[in-house]
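**Q** Next up is a structure, given as structure tokens.
The values are calculated or read from the model by the stated rules, or taken from the named source; none is laboratory data. Here the structure is a predicted model, which means the values were calculated and not measured. Cβ placement follows ideal geometry from the backbone for every residue including glycine, while neighbour counts extend to all protein chains displayed.
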Amino acid sequence: MNILTSVVELTTYVAAIKKSSSSIGFVPTMGNLHEGHLSLIRTAKQSCDVVIVSIFVNPTQFNKADDLKKYPRTVENDTKLLEVEDCTALFLPSVEDVYPSEPTLRFSFGTLESVLEGAHRTGHFNGVALIVSKLFHWVQPNIAFFGEKDLQQVRIIESMVRDLSFQINIKVCPIQRENNGLAMSSRNNRLSADEKEQASHISVALTKARQSFSTRAITEVKKETISYLEQNRIKVEYVDIVDGYDLRSLEEKSELTYMVVAAYVGDVRLIDNMALN
Ligand code: AMP
């Protein structure tokens, strides 16, 4: 596996690949890799000649300094996992290389960013859009792979790709879960064994919601979900039933409907979602 630690090394490498007309699959990550990330890489390998993974803990998408500081950094182990997956190249840039000066550009995604994660994490999606657009320019992938776990991030990136005419296909990959249903996440490492068990109630709640969705009203399904989570000592930040495309909160069922959850187990904030129809 090629390990590229600067933007110049990456762009030189990409130029050589482009000459050979190989297709490039790209998986951007913040590292601390788990089976969720690896599933994206495996999917990328099936459809692309070359798979480039980036690991960069992007400071501009954190709205809490402490969260950025605490973010797990496990590059050595991540590198081993990527070798096993036979990933073609790993891009590991420094903050100075990615942000040589303080960025002033501000994105606006309209109503797509004023709800859910956007409403609770000010500036988060601006940081995501900044880093993803920089990476897209440097990597020039044919296909970029993202997890449905971050549903709002996916919709924002799709919108950015459309509005800025990036010639890149976005492939959305399903959520990978632990055996107990807990959606895989780098944050799960901060949960004790008991808390992991407790956190599994989030996916149980989503599954229950999916089961009752066809026969019950939206407000009832939401109410039942919140009360189930609270009974299991999970502190709800939001539970909503939204349109799967524009993420607006629904009162009536739409063609593609998701339940989305953000909740705390101990002091760890977790997000999850599930299509209800
Ligand atoms: P992150 O390192 O958290 O920025 O995630 C990198 C990519 O992996 C994003 O596209 C995430 O949506 C995706 N991802 C994270 N967790 C999972 C999961 N449990 N299943 C599938 N994809 C995931």
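**Q** Could you list, in sequence order, the residues of segment 254-277 that are crowded, with 19+ Cβ neighbours inside 10 Å and not in a strand (DSSP E or B)?
**A** Selection gives L276 alone.
**Q** Can V139 be described as closer than 30 Å to N77 by Cα and either touching a Pro at 6+ places or on another chain (Cβ under 8 Å) or surrounded by fewer than 19 Cβ atoms within 10 Å (Cβ to Cβ) (or both)?
**A** No.
**Q** For segment 239-253, how many residues are buried (at least 17 other Cβ atoms within 10 Å of the Cβ) and either under 23 Å from V268 (Cα atoms) or among the basic types (K, R) (or both)?
**A** 3
**Q** Let me confirm something: among A193, A262, A183, which residue is away from the ligand (no atom under 16 Å from the Cβ) and not polar (S, T, N, Q)? Before you say what the answer is, go through the steps one by one.
**A** Numbers: A262 fails: away from the ligand (no atom under 16 Å from the Cβ); A183 fails: away from the ligand (no atom under 16 Å from the Cβ).
Being away from the ligand (no atom under 16 Å from the Cβ) and not polar (S, T, N, Q) holds for just one of A193, A262, A183, which is A193.
**Q** Whether any residue in segment 230-250 is outside any loop (DSSP other than H, G, I, E, B), in contact with a Lys or Arg (Cβ under 8 Å, 6 or more places away or on another chain) and among the small types (G, A, S) is what I want to check. First the steps, then the outcome.
**A** Filtering segment 230-250 down to residues outside any loop (DSSP other than H, G, I, E, B) leaves 230-231, 235-243, 249.
Remaining after also requiring in contact with a Lys or Arg (Cβ under 8 Å, 6 or more places away or on another chain): 237, 239-242.
Pick out the ones that are also among the small types (G, A, S) and you get none.
No: zero hits.
**Q** Those residues that are touching a residue at least 12 places away in the same chain (Cβ under 8 Å) and assigned to a loop (DSSP other than H, G, I, E, B), I need them from segment 199-229; list them, please.
**A** Matches in segment 199-229: S214 only.
**Q** Another one. For residues in segment 5-38 being small (G, A, S) and surrounded by 18 or more Cβ atoms within 10 Å (Cβ to Cβ), which is farthest from the ligand (Cβ to nearest atom)? Spell out the reasoning first.
**A** Applying the first criterion (small (G, A, S)) to segment 5-38 yields 6, 15-16, 20-23, 25, 31, 36.
Narrowing the set further to residues that are surrounded by 18 or more Cβ atoms within 10 Å (Cβ to Cβ) leaves 25, 31, 36.
Values: G25: 13, G31: 6, G36: 3 Å.
Per the stated criteria, the residue is G25.
**Q** Does any residue in segment 35-47 that is farther than 20 Å from L182 by Cβ come within less than 8 Å, Cβ to Cβ, of a residue that is assigned to a helix (DSSP H, G or I) six or more places away or on a different chain, and which pairs are these?
**A** Going by the 8 Å Cβ cut-off, the qualifying pairs are I41/L82.
**Q** Can you confirm whether T43 is under 13 Å from the mean Cα position of the chain (by Cα) and hydroxyl-bearing (S, T, Y)? I'd like the intermediate steps shown before the answer.
**A** Values: under 13 Å from the mean Cα position of the chain (by Cα): no; hydroxyl-bearing (S, T, Y): yes.
Here the answer is no, as T43 does not meet what is asked.
**Q** May I ask you to say which residue of T104, T122 is under 15 Å from K64 (Cα atoms), surrounded by fewer than 18 Cβ atoms within 10 Å (Cβ to Cβ) and not charged (D, E, K, R)?
**A** Details: T104 fails: under 15 Å from K64 (Cα atoms).
Criteria check complete, one pass: T122.
**Q** Looking at segment 100-198, what helices (runs of 4 or more DSSP H) fall wholly within it and have at least 1 residues that are farther than 23 Å from E237 by Cβ and at pLDDT 95 or above? Steps first, answer last, please.
**A** Numbers: elements: 116-120, 124-139, 151-163.
Hits in segment 100-198: 124-139, 151-163.
**Q** Can you tell me which residues in segment 115-162 are within 21 Å of K45 (Cβ to Cβ) and small (G, A, S)?
**A** Listed by number, the residues that qualify are A144, G147.
**Q** Out of N77, N63, N2, which single residue is more than 13 Å from the ligand (Cβ to nearest atom), within 20 Å of the chain's Cα centre (by Cα), on the phi < 0 side of the Ramachandran plot and of a type outside the set (D, E, K, R)?
**A** Details: N77 fails: within 20 Å of the chain's Cα centre (by Cα); N2 fails: within 20 Å of the chain's Cα centre (by Cα).
From the options N77, N63, N2, the qualifying one is N63.
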